[in-house]
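Visitor: Once you've had a glance at the structure underneath, I'll fire off some questions.
The values are calculated or read from the model by the stated rules, or taken from the named source; none is laboratory data. Computed from a predicted structure; not experimentally measured. Using ideal geometry, Cβ is built from the backbone for each residue, glycine included, and neighbour counts are taken over all protein chains shown. Side chains included, ligands, DNA and RNA excluded: accessible areas come from the protein's heavy atoms. Shrake-Rupley method; radii C 1.70, N 1.55, O 1.52, S 1.80 Å.
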Amino acid sequence: MNTYYELLKYIKSLFESDVRINSVVTGDFEQWKRDEFSIVHINVIDTPFLGTANTSVIQFNVEINVLDIRDVNKEEFKDKFWFNDNRQDIWNETLSILNLARNKVIKDVDADITIQSATSAERITYAYMNGLDGWSQTWTVEVPDNFTSVCC
């Protein structure tokens, strides 16, 4: 069974095809927080097994974080709406990246990966105490399990 690998490769290539992304990572985020930004962090949360004796589907809940590093302007802070940094720009750009990727998966008729649902995107600010901002969303995806066979 290589369904898990195929899912990770698909999502990784999906975000790597976006020129606005510099790094796509998975695993413990602490080891990657020094990478070049913008960054996508992929985390497979859990995987319920679905299907019957004739069909086997694996469902994955995948958390996607799209983040960029905040650039603070050293000039005097005057605007309480726009702040003194680029966080509004980051939220706009990272939300666009996340939405585009989700739409690509939905429209990709050749892929065996189907998004069943997606949570509301949650805004991230001051992530990991190092000035990262962006969005997080969990996708529930289904992948056919074509590689597992049961021998009697």
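Visitor: Could you pull out the residue among Ser149, Ser120 that is part of a loop (DSSP other than H, G, I, E, B), modelled with pLDDT under 85 and not acidic (Asp, Glu)? Explain how you work it out, then say what you get.
Guide: On the way: Ser120 fails: modelled with pLDDT under 85.
From the options Ser149, Ser120, the qualifying one is Ser149.
Visitor: Cβ-Cβ below 7 Å, separation at least six or inter-chain, first residue in the stretch 1-14 and within 14 Å of Ile58 (Cβ to Cβ), second open to solvent by 40 Å² or more (accessible area, probe 1.4 Å): which pairs?
Guide: Final answer for the pair search is Met1/Phe147; Met1/Thr148; Asn2/Phe147; Thr3/Phe147; Leu8/Thr26.
Visitor: Step by step: first the residues of the stretch 97-117, then only those that are assigned to a helix (DSSP H, G or I) and out of contact with any Phe, Trp or Tyr (no Cβ under 8 Å at 6 or more places or on another chain), then the one that is least open to solvent (accessible area, probe 1.4 Å). Which residue is that?
Guide: Applying the filter and picking the extreme gives Asn103.
Visitor: If we scan the stretch 1-22, do we find a residue that is surrounded by 18 or more Cβ atoms within 10 Å (Cβ to Cβ), at pLDDT below 90, on the phi < 0 side of the Ramachandran plot and touching a strand residue (DSSP E or B) at 6+ places or on another chain (Cβ under 6 Å)?
Guide: yes
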